[in-house]
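*Asks:* One structure follows; several queries about it will come next.
Read-outs throughout are calculated quantities, based only on the coordinates presented, and are distinct from any laboratory measurement. In this text, all values refer to a predicted model and were calculated from it rather than measured experimentally. Don't worry about glycine lacking a Cβ; one is built from the backbone with ideal geometry, like all the others, and counts go over all protein chains shown.
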Amino acid sequence: MSECQINLQVKHVSKIETAEQAAKKLEQIEKKLLSYTGKAIADFGMIESGDRVMVCLSGGKDSFTMLSLLKKLQQRAKINFDLFAFTLDQAQPGWDDSKLRAYLDTVGVPYKILTRDTYSIVKDKLPEGKTYCSLCSRLRRGIIYSYAAEHGYNKIALGHHRDDLIQTLLMSILYNGQIKSMPPKLLSDDKKHIVIRPLAYCQESDIIQYAARKNYPIIPCNLCGSQQNLVRVRIKRLIKELAADNPKIPSNILHAISDVKPSQLMDRKLWDFRNLNNNHMEE
């Protein structure tokens with residue numbers, strides 16, 4: 001669902017619900033998302049006492065939701081940790097962060113909106129019609145890592161949710177021939193950064209509803225948002241079609257990532273097939 005569709009959903013919701021009904025529904029969705037987020041943080045040891053967490057706020061529904069949930073969990077937690085919101089202005093045409101700044105001024109989280117012209121680099125390096133996501137992501141990641149290191153943030157929080165994880169798994173299998181996804185907690189290649197994904201258990205459908213009801217000042221991505229022929233879009237459609245027949249399919253895929261059985265696969269680096277013989281059988 002696009003950010004424009006989310007805004008339309010906000011207007012639709014407000015027309016058919018009373019204020020009391022809307023508040024109750026928001027409370028229900030928030031409770032569910034807080035439960036999943038808290039469980040993910042606990043299951044994977046994402047946040048510890050004394051952590052300085054840099055929340056990457058892109059201006060989309062996922063990162064806004066993540067910031068709200070982390071702020072509420074921070075207030076309830078028995079441990080102390082800091083939150084800092086970081087937004088990268090990539091100099092896209094039409095970028096306007098005035099409403100974002102106004103919003104951040106009200107939530108009580110320190111923030112930085114950093115301007116770096118990655119837009120021109122991506123447009124210059126890639127021909128028209130090519131998918132920008134890969135190069136854009138690499139450039140953005142480098143800037144985020146550098147800023148976190150320079151300012152002493154030991155955890156970097158990204159807003160990827162359950163559906164991102166399962167889509168990435170299928171994309172990797174079908175298009176790259178590898179079984180890998182987005183881990184909930186990751187040590188960067190240079191061993192200097194811990195990346196966390198607190199929304200790893202959260203469904204995108206819940207996030208869409210939550211963001212619509214919170215009426216966040218969403219900033220659309222004009223760099224890649226118009227590229228509809230992305231592989232992810234096709235995979236997302238496939239999962240939706242399969243889930244229409246069996247609603248458990250998305251959760252089953254997520255479970256598969258967390259219940260890997262090397263002996264039932266073919267990776268010789270993970271399982272010693274060559275030396276497997278009758279001596280391994282119980283007498």
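*Asks:* Could you pull out the pairs from LYS123/LYS192; LYS32/LYS192; LYS25/LYS155; LYS191/LYS214; LYS31/LYS61; LYS72/LYS248 whose alpha carbons sit more than 27 Å apart here? Mind showing how you got there, number by number?
*Replies:* Working: LYS123/LYS192 30 Å; LYS32/LYS192 33 Å; LYS25/LYS155 32 Å; LYS191/LYS214 37 Å; LYS31/LYS61 17 Å; LYS72/LYS248 30 Å.
Violating the 27 Å limit, Cα to Cα: LYS123/LYS192; LYS32/LYS192; LYS25/LYS155; LYS191/LYS214; LYS72/LYS248.
*Asks:* Going toward the positive end of the dipole of the chain, with +1 on Lys and Arg Cβ and -1 on Asp and Glu Cβ, which of ILE218, ASN278, LEU88 do you reach last?
*Replies:* So the residue furthest toward the plus end is ILE218.
*Asks:* Could you give the size of the charge dipole of the stretch 163-220 about its Cα centre, using +1 on the Cβ of each K and R and -1 on the Cβ of each D and E, expressed in debye and rounded to the nearest 20?
*Replies:* Magnitude of the dipole: close to 200 debye.
*Asks:* Quick one: of the DSSP bridges fully inside the chain, what percent are antiparallel, nearest 5?
*Replies:* 15
*Asks:* At what distance in nm do the modelled label points of LEU114 and ILE143 sit from each other, each positioned 7 Å from its Cα along Cα→Cβ?
*Replies:* Calculated label separation equals 0.8 nm.
*Asks:* Arrange MET46, MET66, MET266 by Cβ neighbour counts within 10 Å, fewest through most, would you?
*Replies:* Fewest-to-most ranking of MET46, MET66, MET266: MET266, MET46, MET66.
*Asks:* Quick check: the angle from helix 61-76's long axis to the longest principal axis of the chain, C-alpha only, nearest 10 degrees?
*Replies:* Between the helix axis and the principal axis of the chain, the angle is about 90 degrees.
*Asks:* Sticking with this structure for a sec: Once both labels are modelled 7 Å past Cα along the beta-carbon direction, what's the ASN275-ASP189 spacing in nm?
*Replies:* 3.1
*Asks:* What does the charge dipole of the chain about its Cα centre add up to, to the nearest 20 debye, if the Cβ of each Lys and Arg holds +1 and the Cβ of each Asp and Glu holds -1? Don't skip to the answer; put the middle values down first.
*Replies:* Working: 42 positive and 31 negative charges, 47 e Å.
With only Lys, Arg, Asp and Glu charged at Cβ, the dipole is about 220 debye.
*Asks:* How would you order 112-123, 51-62 from highest to lowest mean count of nearby Cβ atoms within 10 Å?
*Replies:* Output ranking for 112-123, 51-62: 51-62, 112-123.
*Asks:* Given a 10 angstrom Cα cut-off, can you work out which residue in TYR36, TYR175, TYR210 is the most mobile in a GNM of the chain?
*Replies:* Answer for the Gaussian network model of the chain: TYR175.
*Asks:* With a cut-off of 8 Å between alpha carbons and a minimum separation of six or more residues, what is the relative contact order of the stretch 143-252 in percent?
*Replies:* Contact order relative to length: 28 percent.
*Asks:* Just need the relative contact order of the chain here, percent rounded to a whole number, with Cα pairs under 8 Å and 6+ apart.
*Replies:* Value for the chain: 24 percent.
*Asks:* With everything on Cα atoms, drop me the angle between helix 19-43 and the longest principal axis of the chain, reported from 0 to 90° to the nearest 10.
*Replies:* It works out to around 40 degrees.
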